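See structure below.
The values are calculated or read from the model by the stated rules, or taken from the named source; none is laboratory data. None of the values given here were measured: they were computed from a predicted structure. Cβ sites come from the backbone with ideal geometry, for glycine too, and all protein chains shown count toward neighbours.
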Amino acid sequence: MKPFLFFLIAGLTFLGACSPEKVSANKQTAQSQEISSGQQKLADGKTVYETNCAGCHDSGVAGAPKPGDKTAWSERIAHEGMALIVKKSIEGLEGKTGAMPPKGGNESLSNADITHAVTYMVSAVK
């Protein structure tokens, strides 16, 4: 009976330490980290864009949608969705108005780099 009593008291003590205030503070911290992470991903995407993508996308070479071109990006998102846009950006594509080499011609970029760059370009539209 004594081991049961010990575990009961230990369990109740542990549960008492889990107050709603602490859970709320942890949730706020997690949300804050999520926002910071999202901002960091956009900053990373901007860097990748400026060093690898801007050459074609700033001028619209071969039909490359320009950042902030609401019509071009909205149509792509509506027809393909973000996941397919990212996939095509990673794998490359041949479209009606032009082509894009895989990873914009820079195979050293990671899939995450491409995802962040696409997210950055689309974020300029919102």
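Would you confirm whether or not the stretch 65-72 contains a residue that is surrounded by 13 or more Cβ atoms within 10 Å (Cβ to Cβ), modelled with pLDDT of 55 or more and part of a helix (DSSP H, G or I)? Yes, the stretch 65-72 contains a residue that is surrounded by 13 or more Cβ atoms within 10 Å (Cβ to Cβ), modelled with pLDDT of 55 or more and part of a helix (DSSP H, G or I). Filtering the stretch 75-123 to residues that are exposed (fewer than 13 other Cβ atoms within 10 Å of the Cβ), polar (S, T, N, Q) and at pLDDT below 90 leaves only THR97.
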